[in-house]
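Engineer: A single structure is presented below for examination.
The values are calculated or read from the model by the stated rules, or taken from the named source; none is laboratory data. Just so it is clear, the model here is predicted, and its values are computed rather than measured. Neighbour counts run over all protein chains shown; Cβ positions are idealised from the backbone, glycine included. Just so you know, the surface numbers come from the protein's heavy atoms only, side chains and all, with ligands and any DNA or RNA stripped out. Shrake-Rupley method; radii C 1.70, N 1.55, O 1.52, S 1.80 Å.
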Amino acid sequence: MAWYDGAIFYHILPGGMFPETKTEKSSFLRLEEHLPYLKVLGVDAVILGPLFSEDPLCYGAKDFTKINPALGTEEELCHYINLAHNMGLRVLFDEAVLFSSRAFFAFRDLLEKGEKSPYKSWYKDVDFTASSEGGDAFSYSSWKELENYPLFNFDDEDLRMYIVERIKEWISRYDIDGIRLAHCTSMDIHFQKSLRYFTGQMKPEFFLLGDIKKGELARYINAETLQSVCNYDVYRAIVKAFNEKNFYELVSGLGKNPELLLQSNTFLENPRTDRIATVLEDRNNLYGVYTALFALPGRVALYYGAEYGLSGTKEEDEEALLSPSFTKAEYTPDAFTSYIAKLAEIHGKNSELQNGGYKEIYLDHRLYAFLRTDENSGVLTVLNNDSMDQFIRLRIPLRARLAFDLVNQDEVEIGDDGKLRVFCPAHSGRLIKVK
């Protein structure tokens, strides 16, 4: 089993979590002090980024070879990664490679030399017969039609190999364990294959995670391209299930591509979404949605501050990332933090929740039960999206002799008829081990 099978990821925007100040330590040094806490929380891997942009709160690299000095020094970053590795934590970079900033060396050369630039084919739809809206002597395609982010042309082999070589340098220089490829919905298939091959040669278990908002999982997750993608369909379905008190759409989506679902990255918030505590119409459902996140098939990812139930909305501009900074009051662990840590502990100790099979046990609008199995044991999850407590008798496809709650260790009654008698409080979920 690869290290990322069953891993819990923790996604950090360094310039947002610990922004630069004139009187305090750099972002990297403050992140280093945060590592022991992440270990206690139950995290297996940290996703950091963006690191190479002009603005650490936006994607769009200025230079793939130089870390933004506002975050700290290269030596500090290397020390952070080394310390994380010594603590058993993996580290991934979060970067967008589909486009650059206008300050990128190839685009600057294009601005200076025009048609004589050797990099004119590196950018998409460059046309010297028309000017850009910003007054450049040529027009070009840009990400989200934002001219500050010119799109790369991945039909150009030199460009593809240039970016692959820079990523290989990141592996050798920083010893990273993977990359989250932001905004990769339209990423060239040949580039994906080249990236998978060359990174795999350097690190056999190098993890490639694609950030796509829509598209078929099979197009991106396979032996030649990526190992995983961010599953926005599951995210939207979980939110809808709790906001609309209807589990049917969520369950319907889980029946499609179960093996690929197991490999996909599941989340409740990330740099491109509002905080889940803001998205939920009833904040009481926080316990229920996170129980679902840790129990459903998929590789779990938390966004920094998730364990404190922080609220927040993303900037209106698409290029600006959700990046609220911490305050002392916000990152004081509380009962919810302890619950997230407990879920992580349960996830780490029960292989059923990492790679186990999935079977629906019971479903109505407001109550949903499913079983994750591994050999002769299972974990039964019961979710209640309602404001009323629920009591239900459930028959499971195991000859269970023992059943107990994994959170509080209380025994769950098994009736003479073999059915489990389960009480599920309002706005919550239960994880029950059955043997």
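Engineer: Which angle between 0 and 90 degrees, to the nearest 10, do you get for helix 286-295 versus the longest principal axis of the chain when only C-alpha atoms count?
Structural biologist: 80
Engineer: Now for a different question. Multiply the residue separation of Asp405 and Glu33 by 0.36 nm, subtract the distance between their alpha-carbon atoms, and state the gained length in nm to one decimal. Could the numbers behind the result be given before it?
Structural biologist: On the way: separation 372, 0.36 × 372 = 133.92 nm, distance 3.41 nm.
Length difference between fully extended and current span is 130.5 nm.
Engineer: So, one more: Can you tell me the orientation of helix 335-349 relative to the chain, as the angle in degrees between its alpha-carbon axis and the longest Cα principal axis, to the nearest 10?
Structural biologist: Helix 335-349 and the main axis of the chain meet at about 90 degrees.
Engineer: Quick one: if the Förster radius is 51 Å, what FRET efficiency do Glu165 and Ser311 give, using the C-beta to C-beta distance and rounding to 0.05? Spell out each step's value before the answer.
Structural biologist: Details: r = 42 Å, r/R0 = 0.82.
That gives a FRET efficiency of 0.75.
Engineer: Let me ask you something else. Output the 0 to 90 degree angle, nearest 10, between the alpha-carbon long axis of helix 189-202 and the longest principal axis computed from the alpha carbons of the chain.
Structural biologist: So the inclination is approximately 80 degrees.
Engineer: Between Ser53 and residues 5 or more places away or on another chain, which pairs have amide H atoms under 5 Å apart, with H built 1.01 Å from N, and which residues are they?
Structural biologist: Lys62, Asn68
Engineer: Based on the Cβ-Cβ distance from Arg272 to Glu413, what FRET efficiency comes out when R0 is 41 Å, to the nearest 0.05?
Structural biologist: Working: r = 44 Å, r/R0 = 1.07.
Taking R0 as 41 Å, the efficiency between Arg272 and Glu413 is 0.40.
Engineer: Determine the calculated [θ] at 222 nm for the chain from helices alone, applying -39500 (n - 2.57) to every DSSP H run no shorter than 4 residues and normalising by the residue count; nearest 500 deg cm²/dmol. Mind showing how you got there, number by number?
Structural biologist: Values: 14 runs with 136 residues, N = 435.
So the helix-based figure for the chain works out to -9000 deg cm²/dmol.
Engineer: Turning to a different aspect of this structure: Starting at the first residue of segment 110-126, write each ³J(HN,Hα) from the Karplus equation 6.51 cos²θ - 1.76 cosθ + 1.60 with θ = phi - 60°, in whole Hz, x for Gly and Pro.
Structural biologist: Per-residue couplings from phi come out as 5, 5, 7, 9, x, 5, 7, 5, x, 9, 5, 8, 6, 10, 7, 6, 5 Hz.
Engineer: Right, something else. Taking the Cα atoms of segment 32-122 alone, what are Rg (to one decimal) and Dmax (as a whole number) in Å?
Structural biologist: 16.8, 56
Engineer: Give a residue-ordered list of calculated ³J(HN,Hα) values for segment 366-371 (Karplus: 6.51 cos²θ - 1.76 cosθ + 1.60, θ = phi - 60°; whole Hz; x for Gly, Pro).
Structural biologist: Using θ = phi - 60°, the values come out as 10, 9, 9, 10, 9, 10 Hz.
Engineer: Can you give the Rg to Rh ratio of the chain, both from alpha-carbon atoms, with Rh computed by the Kirkwood formula?
Structural biologist: Numbers: Rg = 23.0 Å, Rh = 23.0 Å.
Radius of gyration over Kirkwood radius for the chain works out to 1.00.
Engineer: Now, a different point. Assuming a viscosity of 1.306 mPa s and a temperature of 10 °C, what translational diffusion coefficient in µm² per second does Stokes-Einstein assign to segment 61-109, Rh being the Kirkwood radius over Cα pairs? Don't skip to the answer; put the middle values down first.
Structural biologist: Numbers: Rh = 12.7 Å.
Answer from the Stokes-Einstein relation: 125 µm²/s.
Engineer: Something else now. Can you give me the P(r) profile for segment 348-427? Cα pairs, bins 10 angstrom wide beginning at 0, each as a whole percent.
Structural biologist: The calculated distribution, bin by bin, is 18, 52, 30, 1.
Engineer: Something else about it: May I ask you to derive the FRET efficiency for Asp175 and Lys359 from their Cβ-Cβ distance with R0 = 41 Å, giving the value to the nearest 0.05? Don't skip to the end; give the middle numbers.
Structural biologist: Numbers: r = 40 Å, r/R0 = 0.98.
After rounding to 0.05, the efficiency reads 0.55.
Engineer: Please list 3J(HN,Hα) in residue order for segment 393-407, calculated via the Karplus relation 6.51 cos²θ - 1.76 cosθ + 1.60 where θ = phi - 60°; whole Hz, with x for glycine and proline.
Structural biologist: So the Karplus estimates, Gly and Pro as x, are 9, 10, 9, 10, x, 9, 7, 6, 9, 9, 9, 8, 6, 6, 7 Hz.
Engineer: Would you grab the residues whose amide H sits under 5 Å from the one on Phe207? Only those 5+ places off in sequence or on another chain, please, with H modelled 1.01 Å from N.
Structural biologist: Hits under the 5 Å cutoff: Gly178, Ile179.
Engineer: Over the chain, what is the percentage of antiparallel beta bridges among all DSSP beta bridges, to the nearest 5?
Structural biologist: Values: 37 of 63 bridges.
The antiparallel fraction comes to roughly 60 percent.
Engineer: Between Ser131 and Tyr248, what is 0.36 nm times their sequence separation minus the Cα-Cα distance? Round to one decimal in nm.
Structural biologist: On the way: separation 117, 0.36 × 117 = 42.12 nm, distance 5.09 nm.
My answer for the length gained is 37.0 nm.
Engineer: Leaving out ligands, DNA and RNA, and with a 1.4 Å probe, what % of the accessible surface on the chain is carbon or sulfur?
Structural biologist: Values: 8520 of 18440 Å².
Carbon-and-sulfur percentage of accessible area, whole number: 46.
Engineer: Scan around Ile396 for amide H atoms under 5 Å from its own, H built in the peptide plane at 1.01 Å from N, and keep only partners 5 or more places away or cross-chain.
Structural biologist: Those lying under 5 Å, H to H, from Ile396 are Leu420.
Engineer: Under a 1.4 Å probe, what is the accessible area of the chain per residue, stated in Å²? Can you show the working numbers first?
Structural biologist: On the way: 18440 Å² over 435 residues.
Here the residues of the chain average 42 Å² of exposed surface.
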